[in-house]
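First up is the structure itself, then whatever we jot down about it.
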Amino acid sequence: MRFRSVKGTHDILPQESARWQHVEGVIRSWAERFGFREIRTPILEPFELIARGVGQTTDIVTKEMFTLQRGQDLLVLRPEMTAPVMRAYLQHGLYTQGAVQKWYYIGAMFRAERPQRGRQRQFHQYGAEVIGSPDPTADAEVIALQMGILEEFGLQGLRLRLNSIGDEAARARYREALLAYFRPLADRLSPASRERLERNPLRILDSKEPQDQELAARAPRITEYLSEGCRQHFEQLKRYLEDLGIAYEEDPLLVRGLDYYSRTAFEVTSPLLGAQDALGGGGRYDGLAKALGGPPTPGVGFAGGLERLLLALEASGYLFPAPARAELYIAATGAEARRWALVRAQRWRRQEGLRVEYDLLGRSIKAQLREADRMGARFVLFVGDQELRQGLAPLKELASGEQTWVPLDEVPEYLRRAHVSSLRT
Ligand code: HAM
């Protein structure tokens, strides 16, 4: 075969897309119950937006960007949505329209990471952002949405880890304390962490290497560097989560891989996933609007990975609804009957809203019946020249094998009655 999908990207075939649509439907329904409205932004963004938004020293910007040069413009395939959402908010001056904007999104993101289970180069996120509120109720709102969605799917054993990484001033003080602690230990750090030490020592804290974890466990804690305002914000958020009955674990080592965070940071993991066990994460980004050249505007949000959610659901044995199937297959023989099937299928689809299929290959009745069976059609209507003349044809229910002669014009009514009686039993 000549062509294959690009490394780290995957086709979502029709037999899988019903699952995607189901999961997306649940997400939309939850987001809308909370009053979030959908935003769709372009897949292409200016390189500079992501560099400034996500942070020049992050892995995403230094190693994982898909970039495109077009004339003078350096563009990227978006690696995440928070910076693009904030760009759209600022570009359209939405701070003049009501105090708080609540937006959600579902879409493809791109990061040139080493592909593995649960980690792709093109993947899909769903997420939500509350822009304009510094209040901890906004943090509680996005966490409640994220956990509500996951619980609706009945996922067990979820862990919500929560931290406050303070404001810029607290982080600057904390950074100095971490440097002072890690510098003398540099030769005991993993090579990746040693490299991060001067650029971004906070990232050492959530390294997965055991040698780093051992040292991180004894490192100074961000909690001791929080300002009074940050501390109160964090305490209030924890109280709200308790009021909502949302279980969380405080984790002072949780720092996320994007530089825009301030105060709240959180992550949700599932034991059903492998090494890439984060179903989603988020936090507050009160400095982002200003970093992008806008008026200071607080924000908080989260994003989850759709591939990972689907992996977790499959591993949990989640019962996905059966894909929609044809209600009627018209098996026609002879030129007249085939023309009739074509026109009648169209009429019943348009006027009756029925899912109707017929043969597109001119096959034998036996082959048509086999196809109807394979596609899981509920009823098959057999029409030939004689049935057309009589205005009456056999209608067979495939599951029971029962066959009834039905006047052609009454087929939709018959199907509706059969549907109602099947709902009763
Ligand atoms: P993030 O933690 O980088 O946060 O990504 C959120 C989720 O996207 C991850 O927990 C994971 O489920 C999924 N994900 C990330 N990278 C990949 C990948 N390569 N393959 C498959 N799934 C992946 C953000 O992107 C922030 N924008 C979240 C946020 C919104 N913070 C505030 N608002």
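I'd like to verify a number: residues in region 363-379 that are open to solvent by 40 Å² or more (accessible area, probe 1.4 Å) and assigned to a helix (DSSP H, G or I), how many? Working first, answer last.
So in region 363-379, the residues open to solvent by 40 Å² or more (accessible area, probe 1.4 Å) come out as 363-366, 369-370, 373-375, 378.
From what's left, assigned to a helix (DSSP H, G or I): 365-366, 369-370, 373-374.
Count: 6.
Kindly evaluate residue 108 against the criterion of being of a type outside the set (Phe, Trp, Tyr), part of a strand (DSSP E or B) and surrounded by fewer than 19 Cβ atoms within 10 Å (Cβ to Cβ). Steps first, answer last, please.
Numbers: of a type outside the set (Phe, Trp, Tyr): yes; part of a strand (DSSP E or B): yes; surrounded by fewer than 19 Cβ atoms within 10 Å (Cβ to Cβ): yes.
Against the criterion (of a type outside the set (Phe, Trp, Tyr), part of a strand (DSSP E or B) and surrounded by fewer than 19 Cβ atoms within 10 Å (Cβ to Cβ)), residue 108 qualifies.
So that you can scan it fast, the table gives a plain yes or no per residue for (1) crowded, with 22+ Cβ neighbours inside 10 Å; (2) without any contact (Cβ under 8 Å) to a residue 40 or more places away in the chain; (3) within 16 Å of the ligand (Cβ to nearest atom):
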site: 229; (1), (2), (3): no, no, no
site: 240; (1), (2), (3): no, no, no
site: 244; (1), (2), (3): no, no, no
site: 251; (1), (2), (3): no, no, yes
site: 254; (1), (2), (3): no, no, yes
site: 260; (1), (2), (3): yes, no, yes
site: 264; (1), (2), (3): yes, no, yes
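Yes/no matrix, rows are residues, columns are (1) near the ligand (Cβ under 9 Å from one of its atoms); (2) open to solvent by 20 Å² or more (accessible area, probe 1.4 Å):
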position: 120; (1), (2): yes, yes
position: 124; (1), (2): yes, yes
position: 127; (1), (2): yes, no
position: 132; (1), (2): no, yes
position: 143; (1), (2): no, no
position: 146; (1), (2): no, no
position: 149; (1), (2): no, no
position: 155; (1), (2): no, no
position: 162; (1), (2): no, no
Worksheet item: When only residues in region 285-295 that are touching a helix residue (DSSP H, G or I) at 6+ places or on another chain (Cβ under 7 Å) and either away from the ligand (no atom under 16 Å from the Cβ) or of a type in the set (Ser, Thr, Tyr) (or both) count, which is farthest from residue 377 (Cα to Cα)?
Response: 295
Worksheet entry | Single residue of 324, 312 found to be modelled with pLDDT under 95, of a type in the set (Gly, Ala, Ser) and within 32 Å of the chain's Cα centre (by Cα) | 324
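Matching residues to (1) open to solvent by 60 Å² or more (accessible area, probe 1.4 Å); (2) at positive phi; (3) part of a helix (DSSP H, G or I):
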position: 275; (1), (2), (3): yes, no, no
position: 283; (1), (2), (3): no, yes, no
position: 290; (1), (2), (3): yes, no, yes
position: 341; (1), (2), (3): no, no, yes
position: 344; (1), (2), (3): no, no, yes
position: 361; (1), (2), (3): yes, no, no
Worksheet item: Of the residues 28, 4, 111, which single one is more than 22 Å from residue 276 (Cα to Cα) and either touching a residue at least 12 places away in the same chain (Cβ under 8 Å) or within 13 Å of the ligand (Cβ to nearest atom) (or both)?
Response: 28
Practice prompt. Keeping to region 26-68, report how many residues are in a loop (DSSP other than H, G, I, E, B) and surrounded by fewer than 13 Cβ atoms within 10 Å (Cβ to Cβ).
Written response: 4
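Could you tell me which residue of region 274-284 is nearest to residue 123 (Cα to Cα), considering only residues that are at pLDDT below 95 and within 11 Å of the ligand (Cβ to nearest atom)?
For region 274-284, the residue satisfying everything is 276.
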Discussion item. Going residue by residue through region 296-314, is there one that turns out to be within 16 Å of the ligand (Cβ to nearest atom), free of Cβ contacts under 8 Å to residues at least 60 places away in the same chain and open to solvent by 60 Å² or more (accessible area, probe 1.4 Å)?
Written reply: yes
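The values are calculated or read from the model by the stated rules, or taken from the named source; none is laboratory data. Not measured: the values here are computed from a predicted model. Virtual Cβ from ideal backbone geometry, glycine too; neighbours counted across all protein chains shown. The protein model used for the area step is the full one, side chains on, heavy atoms only, and it has no ligands, DNA or RNA in it. Shrake-Rupley method; radii C 1.70, N 1.55, O 1.52, S 1.80 Å.
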